[in-house]
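Asker: Dropping a structure here in structure tokens format, bear with me for questions.
The values are calculated or read from the model by the stated rules, or taken from the named source; none is laboratory data. All values derive from a computational prediction rather than experimental measurement. Cβ: placed from backbone, ideal geometry, glycine included. Neighbour counts: every protein chain shown.
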Amino acid sequence: MKKISGIFMFTMVLLTAFSCSKSEEEHIGDCLSDPIYSELKHTTDPADPKKINFSLVYTGERTLSNVKWTFGDGQTASGATVSHTYTAAGTYEVKAELTTKDGNSSECSHAKNKSITVN
């Protein structure tokens, strides 16, 4: 019986040591409760068909603090609205990772992907 209670106590100590803290649980709850609507838009520059103008539309209760773009060709940029010129025609997977903050400076991230074709 002592062996079982010892194993039980050891298990409880491990669970307590590696569980989420209250602040982490609150952070996860804050992120899940935010109704996120984001839309990734793009247009081709009329003067240069390889130059694409990207924008992210965000509607939510939090404040949009950062958008990190990955263009699918190894290049990146930051900002809600950016332009990128591709060196070759093709299909690229573009990713916009948006970070939002609330009044307590709690940050949440959400990613949006879109496949685009460059002529």
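Asker: Quickly run through segment 57-81 and pick out the residues that are modelled with pLDDT under 85 and under 13 Å from the mean Cα position of the chain (by Cα).
Answerer: Within segment 57-81, just Tyr58 meets the criteria.
Asker: On to the next question. Pull out all pairs, ordered by first then second residue, where Cβ-Cβ is under 6 Å, the residues are six or more apart or on different chains, the first lies in segment 100-119 and is closer than 30 Å to Pro46 by Cβ and at pLDDT 85 or above, and the second is not aromatic (Phe, Trp, Tyr) and not in a strand (DSSP E or B).
Answerer: Val118/Ala89; Asn119/Ala89
Asker: Next question. Quick check, is Ala77 without any contact (Cβ under 8 Å) to a residue 12 or more places away in the chain and in a strand (DSSP E or B)?
Answerer: Yes.
Asker: Can you work out which of the residues in segment 36-56 that are hydrophobic (A, V, I, L, M, F, W, C) and outside any strand (DSSP E or B) is surrounded by the fewest Cβ atoms within 10 Å (Cβ to Cβ)?
Answerer: Among residues in segment 36-56 that are hydrophobic (A, V, I, L, M, F, W, C) and outside any strand (DSSP E or B), the one surrounded by the fewest Cβ atoms within 10 Å (Cβ to Cβ) is Ala47.
Asker: Please specify each residue of segment 87-100 satisfying the condition of being of a type outside the set (A, V, I, L, M, F, W, C) and under 13 Å from Val67 (Cβ atoms). Reasoning before the result, please.
Answerer: Applying the first criterion (of a type outside the set (A, V, I, L, M, F, W, C)) to segment 87-100 yields 87, 90-93, 95, 97, 99-100.
Result: Lys95, Glu97, Thr99, Thr100.
Asker: State whether one or more residues within segment 60-68 are touching a Leu at 6+ places or on another chain (Cβ under 6 Å), part of a strand (DSSP E or B) and β-branched (Val, Ile, Thr).
Answerer: yes
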